[in-house]
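Read through the structure below, which is laid out as structure tokens, and then see the notes.
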Protein chains: 2
Amino acid sequence: MKRTDGNHQVILAKRPAGLPQLTDFEMRMIPLAPIGPDQALVQIIWLSIDGFMIARMRPEENYAAGVNPGDVMQAYGVGRVTQSNRTDRHVGDFVFGPFGMQQWAIDDGNPMTRTLDPAFGPIQSALGIQGISGWSAYFGLLDVGQPKPGETVAVSAGAGAVGALVGQIASLNGCKTIAIVGSEAKAAQTVGEYGYTASVVRGSSDFSERLKQAAPGGIDVYFDNVGGDLYDDVLECINTFGRVVVCGRLATAHLTDTAQDFGPRDHNTLLVKRIRKQGFLVSDYAARFTEATSAIAAWQAEGKIKLAEDVLVGLGQAPAALIRLVTGGNNGKQLVRIAE
Amino acid sequence: MKRTDGNHQVILAKRPAGLPQLTDFEMRMIPLAPIGPDQALVQIIWLSIDGFMIARMRPEENYAAGVNPGDVMQAYGVGRVTQSNRTDRHVGDFVFGPFGMQQWAIDDGNPMTRTLDPAFGPIQSALGIQGISGWSAYFGLLDVGQPKPGETVAVSAGAGAVGALVGQIASLNGCKTIAIVGSEAKAAQTVGEYGYTASVVRGSSDFSERLKQAAPGGIDVYFDNVGGDLYDDVLECINTFGRVVVCGRLATAHLTDTAQDFGPRDHNTLLVKRIRKQGFLVSDYAARFTEATSAIAAWQAEGKIKLAEDVLVGLGQAPAALIRLVTGGNNGKQLVRIAE
């Protein structure tokens, strides 16, 4: 590997009006300056495509700084250190960090950036099963959802990177699991590959009826990656003292107008059923990421947990990868490979 | 006191279409049969008027059995035992129980019914500060809301029976308190009599702005007795890691059509701010009612907590009392006195 004479980047050209379109992005090439003191140069190999990117493109207040038109699109990545003036990085190290959608990144000690131990498996695992997706599933399910053996756990986007892991961790905890998915292919995959007890395809008029058939004893924990009106349908099936983990909002993150005429539809049901609904951000658990990574790696080594990877190749494919994620076109963890 | 030759009752004549109207109720007089073995006869003196009654009149599934047209309206009451074939009740005992809106009730050992200790103060306290209202405030705030000293607690229906006690208990725990109320008179009362730090009258176009001024550091616990679109306005002010106690739903309990075009408006905010929103029913804490009663009575004895009583006189006033409660016309605990 050698340093090229330029850095190709994916830029947010304009804020999406609704779902992001390819025309909301553009490619740019900038010269790569020499690294300074306490900096390392990282050649990015893998980009992670995650649902949180959608809300980051919006102007509203969020839990983290957003992307403005003209900025490099945010993305977590895994890469290789090719030059280093840092004592904690060595040429050849593989590193994980919030590097953005670009070929080269400067590692200047961002606390999120860390050196990877290749003993944990393929380096891109740090973006999925051993990274944000795995941690989100682990803490969101176990700490917020608190499933008990014998309970039923339903997961929206059940074949997605977080969802597929939630289903498997719930099964490891002795729960029945219901995947809510967007296609018959994913329904078959969630049961066949991820071991869900049952799966239900959303979007048809008899969804509620089929969900009730799949969960005849009701749902105790709803791990929600989607929100929107799907949540209202699932809510009917949630048992008294159920828990809703609000982990994602794929159905609503892109909306420019969420105004409605009346209050939240879930208020009555939460009251009647004493349901706890709690927002959740995996970043709050940063001090315990190592715990989660070790637990997941142990399950992985025993063949008890796995995650499909869906790889597009080339930096220019990154916007398309994001659109695939939002529209449900991906299979498991969405990655973009941008270097060998 | 002597037994009359009939029992006047308030009957649900038909299910309300929207807010209850006087014409939804009718009076009936039935003969009073002799009591049987293990029964006591109770002359009801005080009726409690509570927000939960609204939803009980609706046909939808609820957490407790509802009232059907032709049934005696449900209500908690306090009365005097005038005859007894029960070993646990003696003539002259004062008892609390789910006696309904009527002059006379049979006490046949319903587990909710209990003999009152007049040492705890006026017997009607068992319907308010030392009863359902007090327990709802105590457990809802302390167990579900979990306020920490220095935090800000906002309370909708802040001058109501539950709300007024929530505000005072929150103050006793070292919190700043904001009453959200329906009139300027209640705004003055909540600050002047119940010791709220500030109060804000709902319903005006600048409500959100005034709430932000009253809670410049944001709201950490929202004790919600109301729901509806007020909740959406308050939600904007709730801090990250805030808690919403869903205790009541005065704004929506009467609605016959809660259908909306889209999912819950709070989903995004709960996620971004990691807010916990939890339904709450005081009946789940029945095993700890004595703890709450003792704590409240001790505060009462020290002059640290109080609750205004709003009394209408005569059984025929019970429907009007309920309508007052829903429309915010009451001041503190709404009671109906139906006997001396």
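When the gyration tensor of the range A:184-228 is built from Cα positions, what are the square roots of 5 times its three eigenvalues, in whole Å, from largest to smallest?
Working through the eigenvalues yields semi-axes of 16, 13, 12 Å.
Can you pull out the buried accessible area for chains B and A, both sides counted, probe 1.4 Å, rounded to the nearest 100 Å²?
3500
If you look at just the Cα atoms of the range B:23-86, how large are its Rg and its Dmax in Å?
Reported Rg and Dmax, both Å: 14.4, 38.
For label points placed 7 Å from Cα toward Cβ, what is the shortest-first list of nm distances from residue A:36 to its copies?
8.9
Gap in Å between the Cα centre of the range B:57-97 and the Cα centre of the range A:6-54?
68
Per-residue Cβ counts within 10 Å, from other chains only, averaged over B:275-286: what number is that? If you can, show how the numbers build up before the last one.
Numbers: counts 4, 7, 11, 10, 15, 4, 5, 0, 1, 3, 0, 0.
The mean count of partner-chain Cβ atoms within 10 Å per residue comes to 5.
So what are the range A:4-48's ellipsoid semi-axes, whole angstrom, largest first, if each one is the square root of 5 times an eigenvalue of the alpha-carbon gyration tensor?
28, 12, 10
If R0 is 51 Å, what FRET efficiency do you get for residue A:184 and residue A:286 from their C-beta distance, rounded to 0.05?
That gives a FRET efficiency of 0.85.
Just grab the label-to-label distance for residue A:207 and residue A:142, each label 7 Å out from Cα along the Cβ direction, in nm (one decimal).
In this crude label model, residue A:207 to residue A:142 measures out at 3.1 nm.
Work out the charge dipole of the range B:90-205 with +1 on the Cβ of Lys and Arg and -1 on the Cβ of Asp and Glu about the Cα centre, then indicate which of B:144, B:113, B:127 is farthest towards its positive end.
B:144
With a sphere of radius 10 Å drawn around the Cβ of residue A:335, what net charge do the other residues whose Cβ falls strictly inside it have (Lys, Arg +1; Asp, Glu -1)?
With Lys, Arg at +1 and Asp, Glu at -1, the neighbours total 0.
Could you work out how far apart the two model spin labels at residue A:87 and residue B:71 are, taking each label as a point 7 Å from the Cα in the direction of the beta carbon, and quote it in nm?
Those two pseudo-labels are separated by 7.5 nm.
Roughly speaking, what % of Cα-Cα pairs in the range B:60-172 are separated by over 20 Å, rounded to a whole number?
54
Compute the accessible area per residue over chain B, keeping the other protein chains in place, probe 1.4 Å, unit Å².
Numbers: 13230 Å² over 340 residues.
Heavy-atom SASA per residue in chain B reads 39 Å².
Just need the relative contact order of chain A here, percent rounded to a whole number, with Cα pairs under 8 Å and 6+ apart.
On the way: 746 pairs, mean separation 63.7, N = 340.
So the answer I get is 19 percent.
Report, to the nearest whole %, how much of the accessible area of the protein assembly as shown belongs to carbon and sulfur atoms, 1.4 Å probe, protein only.
52
Which Rg and Dmax, in Å, describe the Cα atoms of the range A:1-138?
Rg then Dmax for the range A:1-138, in Å: 15.4, 45.
Scattering from the C-alpha atoms of chain B alone, worked out with Debye: what is log10 I(q)/I(0) at q = 0.09, 0.13 1/Å?
Taking Cα atoms of chain B as identical point scatterers yields -0.48, -0.98.
Counting only DSSP beta bridges with both residues in the protein assembly as shown, what percent are antiparallel, rounded to the nearest 5?
Beta bridges within the protein assembly as shown, antiparallel portion: roughly 50 percent.
Put a label point 7 Å from Cα along the Cβ direction on residue A:149, then list its distances to the equivalent points in the other copies in nm, shortest first.
4.2
Evaluate the Debye formula for the range B:121-242 with equal point scatterers sitting on the alpha carbons, no solvent, and hand back log10 of I(q)/I(0) at q = 0.17, 0.21 Å⁻¹, in q order, two decimals.
Calculated log10 I(q)/I(0) at the listed q: -0.76, -1.16.
Evaluate the charge dipole of the protein assembly as shown about its Cα centre and quote only its size in Debye, nearest 20, assuming +1 on the Cβ of each Lys and Arg and -1 on the Cβ of each Asp and Glu. Can you show the working numbers first?
Details: 60 positive and 68 negative charges, 87 e Å.
I would put it at about 420 debye.
As an exercise, take the mean of 1/r over every pair of distinct alpha carbons in the range B:185-340, invert it, and state the Kirkwood radius in angstroms. Please report the intermediate quantities before stating the final value.
Working: mean 1/r = 0.0547 Å⁻¹.
Radius from the Kirkwood sum: 18.3 Å.
Going 7 Å from the Cα of residue B:339 along its beta-carbon direction, which residues of the range B:89-104 have the amide nitrogen within less than 15 Å of the resulting point?
Counting only backbone N, you get B:90-104.
Compute the distance in nm between two label points, each set 7 Å from the Cα along the Cα-to-Cβ direction, one at residue B:119 and one at residue A:320.
It is 8.1 nm.
Using θ = phi - 60° and the Karplus curve 6.51 cos²θ - 1.76 cosθ + 1.60, what whole-Hz ³J(HN,Hα) does each residue of the range B:22-29 get, with Gly and Pro shown as x?
4, 6, 7, 10, 8, 8, 9, 10
Can you give the Kirkwood hydrodynamic radius of the range B:69-135 from its Cα pairs, in Å with one decimal?
Every distinct Cα pair counted, the radius reaches 12.5 Å.
Distances in nm, one decimal, shortest first, from residue A:314 to the same residue in every other copy, taking the label point 7 angstrom along Cα→Cβ.
Relative to the other copies, residue A:314 has label-point distances of 8.6 nm.
What angle, in degrees between 0 and 90 and rounded to the nearest 10, separates the Cα long axis of helix A:318-327 from the longest principal axis of the Cα atoms of chain A?
Taking Cα atoms only, the helix is inclined about 0 degrees.
Which sequence of A:151, A:236 reflects their accessible areas, 1.4 Å probe, from the largest down?
These residues rank, largest area first, as A:236, A:151.
For the protein assembly as shown, what value does the Rg/Rh ratio take when both radii are computed over Cα atoms and Rh is the Kirkwood radius, given to two decimals?
Expressed as Rg/Rh, it is 1.06.
The values are calculated or read from the model by the stated rules, or taken from the named source; none is laboratory data. Since the structure is predicted, the reported quantities are computational estimates derived from the model, not experimental observations. All Cβ positions, glycine included, derive from the backbone under ideal geometry; neighbour counts span all protein chains shown. Please note that ligands, DNA and RNA were not included when accessible areas were found on the heavy atoms of the full protein model with its side chains. Shrake-Rupley method; radii C 1.70, N 1.55, O 1.52, S 1.80 Å.
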